Amino acid sequence: MRPIPLCYHDVIADGTEFDSSGFRGPDVATYKLPLGVFRQHLAAIGEVHLQTSTSDAEPLRECGIPLLTFDDGGFSAATLIADELERVARRGLFFIPTD
């Protein structure tokens, strides 16, 4: 099975300003998700992954395994995102800006 990369950027606590983590500004805010929405994504990914292990879901098997990547995120990578990935027993690849 080939991995399917799913690229995320930043996750912010529900009700928090988008500029509270990561790069700032209205353009980059479009790439940030509130925590509740990110949890919905993880639940949906988990549902599809569970279906791939059933015998009646052969077409889903060919879709591959989700590979979660996180680009240019802020402090939420080490807090919100990592905690949520641990909660659902998933791992992610983080590409962290250094400057």
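All of the numbers you see were taken from the coordinates with simple rules; none came from a lab. Quick caveat: nothing in here was measured; it's all calculated off a predicted structure. All Cβ positions, even for glycine, are placed from backbone atoms using ideal geometry, and neighbour counts span all protein chains on display.
Some values worked out for this structure:
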{"quantity": "Linear extension gain, Thr69 paired with Ala43, 0.36 nm per residue minus alpha-carbon span", "calculated": "7.7 nm"}
{"quantity": "Magnitude of the charge dipole, the stretch 1-48, Cβ model with Lys/Arg +1 and Asp/Glu -1, debye to 20", "calculated": "200"}
{"quantity": "Gain on full stretching of the segment that runs from Thr30 to Ile96 - 0.36 nm per residue minus C-alpha separation", "calculated": "21.9 nm"}
